[in-house]
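Written out below as C-alpha cells is the structure these notes cover.
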Amino acid sequence: MPPTSESPIEFVGSVDSTNSYILDQLSGLSPFHAVATMNQTLGRGRLGRSWESPPDLGLAVSVALPVLPRVESVGLYSLIVGSAVLRFVRNEGVSEVLMKWPNDILVRGKKVAGILCEMGSERIVVGGIGLNVFHGANELPNEHSTSLLNEGVRVEDSHGFVERLIAEMKRVWREMEYSRDSWSRLLSPSVGTIGKKVSVVETDHSRWFGTAESLDEDGHLLVRSIDDGELRTVVAADVLHLRQ
Ligand code: BT5
C-alpha cells in the first residue's frame with residue numbers, strides 16, 4: 001500500500017529487514033515515514049545478532065525519525081524510541097512491562113520487543129522495532145521471550161495497531177523536542193533497569209555485578225560495582241536483571 005501524506009505508513013508483504021529498507025531510500029523520505037511487515041526474513045539485532053519474526057506472528061516496523069536538536073548518540077535514540085514502545089505496550093493493555101537498558105521491552109522479565117536504532121543521514125535516524133504479537137506459547141523463539149497474545153492481548157487490526165505505535169512515537173518526539181530538561185531526568189523514569197541489581201556482560205563475555213544507579217547524558221548506564229564500589233559507565237554491554 002503506498003504511503004499517504006497524512007499517514008506515511010507503508011505495509012509490505014515481506015522484506016529482509018525494515019531497517020535496511022528505510023536506510024536504502026533515505027533521501028526520498030518524509031519525517032515519520034514508516035515501513036511495516038508481518039514477514040521480515042533477515043531481521044537484525046544489536047552487535048551482529050539476529051531478530052526472529054516468523055511469518056504472521058511478529059511485527060517489524062522501522063520509522064524515519066527526524067534527528068532531535070540535542071541528541072547525537074544513537075544510544076539516546078534507542079532509549080527515546082524505547083520509552084515510546086513502553087508506553088504503547090502499556091496502552092495496549094499489558095501491565096508489568098518495563099524497559100531493560102538499552103533496548104529491550106520486557107513483560108514479567110520476558111522480551112516482547114527489541115529496538116535497533118541506526119543513524120541514517122544528517123536529518124534522519126532509523127528507529128526499528130521488532131514486536132512479538134501473535135505467537136502462542138509454543139511459537140516463541142526462546143524461553144526468555146513472550147508475545148502480546150501470550151500476555152492476553154489480542155490485536156484485532158494490525159494496521160490500526162501500527163498507526164497507534166507511530167502516533168505514540170510522534171507524541172514522544174514532540175515532548176523530547178520541546179523539553180529543556182536533562183536526558184537523564186527525562187529518560188530515567190522509563191528505564192526499569194535503574195535501581196536494579198544487575199549482571200553486566202561485556203562484549204568480550206567477561207561479567208561483573210553491581211547496582212544500576214542512573215543514566216548519563218549520552219544514555220549510558222552508570223552501574224556501581226559490588227567489587228570495588230566504583231561507579232562504572234556501561235556503553236555497549238548487555239545487562240541482565242538479577243532477582244532482588
Ligand atoms: C534487539 O537486538 O533486540 C533489536 C531487535 C530489533 C529488531 C527490529 S525489527 C525492525 C527492524 N529491522 C531490523 O532488521 N531490525 C529491527 P538484541 O538486543 O541484539 O537482541 C537480539 C537477541 O534477542 C537475539 O540474539 C535473541 O537472543 C533474542 N531474540 C531474537 N528474536 C527474538 C524475538 N522475536 N523475541 C525475543 N527475543 C528474540
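If you filter segment 6-32 down to residues that are exposed (fewer than 12 other Cβ atoms within 10 Å of the Cβ) and among the hydroxyl-bearing types (S, T, Y), you find that the one that is farthest from the chain's Cα centre (by Cα) is S27. For segment 33-66, which positions are under 22 Å from T146 (Cβ atoms) and surrounded by fewer than 18 Cβ atoms within 10 Å (Cβ to Cβ)? Once the filter is applied, which keeps residues that are under 22 Å from T146 (Cβ atoms) and surrounded by fewer than 18 Cβ atoms within 10 Å (Cβ to Cβ), segment 33-66 yields N39, G45, R46, R49, S50, E52, P54, P55, D56.
Yes/no matrix, rows are residues, columns are (1) in a helix (DSSP H, G or I); (2) free of Cβ contacts under 8 Å to residues at least 60 places away in the same chain; (3) not acidic (D, E):
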{"residue": "R154", "(1), (2), (3)": "no, yes, yes"}
{"residue": "L186", "(1), (2), (3)": "yes, yes, yes"}
{"residue": "S199", "(1), (2), (3)": "no, yes, yes"}
{"residue": "D204", "(1), (2), (3)": "no, yes, no"}
{"residue": "D227", "(1), (2), (3)": "no, yes, no"}
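In segment 40-60, the residues that are in contact (Cβ under 8 Å) with a residue 24 or more places away in the chain and over 16 Å from I129 (Cβ atoms) form Cβ pairs under 8 Å with partners that are more than 8 Å from the ligand (Cβ to nearest atom) and outside any loop (DSSP other than H, G, I, E, B), at six or more places apart or across chains, as follows: T41/V15; P54/E139. Right, E175: part of a strand (DSSP E or B) and either touching a Ser or Thr at 6+ places or on another chain (Cβ under 6 Å) or closer than 20 Å to L98 by Cβ (or both) or not? No.
Filtering E118, E72, E122 for residues that are part of a strand (DSSP E or B) and surrounded by fewer than 24 Cβ atoms within 10 Å (Cβ to Cβ) leaves a single hit, E118. Considering segment 33-63, the residues that are under 16 Å from the mean Cα position of the chain (by Cα) and assigned to a loop (DSSP other than H, G, I, E, B) include one that is farthest from the ligand (Cβ to nearest atom), namely S53.
May I ask you to list the residues in segment 184-203 that are touching a helix residue (DSSP H, G or I) at 6+ places or on another chain (Cβ under 8 Å), farther than 28 Å from A36 by Cβ and either surrounded by 14 or more Cβ atoms within 10 Å (Cβ to Cβ) or of a type outside the set (V, I, T) (or both)?
I194
For segment 121-142, the candidate set comprises residues that are over 20 Å from V162 (Cβ atoms) and not polar (S, T, N, Q); within that set, the residue that is nearest to the ligand (Cβ to nearest atom) is P141.
Just so you know, all these numbers are worked out from the coordinates, no wet-lab data involved. The structure displayed is predicted, hence computed values, not measured ones. In this analysis, Cβ positions are derived from the backbone assuming ideal geometry, glycine residues included, and neighbour counts consider all displayed protein chains.
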